[in-house]
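Everything below concerns the one structure shown next.
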Amino acid sequence: MKLLLDSTRCQGYGLCQEPVPDLIELDEFGYANVLARDVPPGSEDDARAAVEACPNSALRLEK
């Protein structure tokens, strides 16, 4: 699975980072940066939680 970010939709809430701090970092303004596009085995549920936490649907998972 790959974690993808549409940066044009990110509003800097930072809610997505909590479930996957090893995959997403926040910049100084709270905007998300995906550190690792490939979701490691065993982290799929956390990645789904990050996607669901985003109020603007800026994140998505792809196979």
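The values are calculated or read from the model by the stated rules, or taken from the named source; none is laboratory data. Model, not experiment: these values are computed from the prediction. Note that we place each Cβ from the backbone using ideal geometry, even for glycine, and neighbour counts take in every protein chain shown. Side chains are part of the model used for accessible areas, which takes the heavy atoms of the whole protein and leaves out ligands, DNA and RNA. Shrake-Rupley method; radii C 1.70, N 1.55, O 1.52, S 1.80 Å.
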Of the residues in region 1-10, how many are open to solvent by less than 60 Å² (accessible area, probe 1.4 Å) and among the charged types (D, E, K, R)?
1
Matching residues in region 11-31 - criterion: being open to solvent by less than 20 Å² (accessible area, probe 1.4 Å), out of contact with any Ser or Thr (no Cβ under 8 Å at 6 or more places or on another chain) and on the phi < 0 side of the Ramachandran plot:
16, 24
Kindly check whether there is at least one residue in region 35-53 that is charged (D, E, K, R), surrounded by 15 or more Cβ atoms within 10 Å (Cβ to Cβ) and free of Cβ contacts under 8 Å to residues at least 40 places away in the same chain.
yes
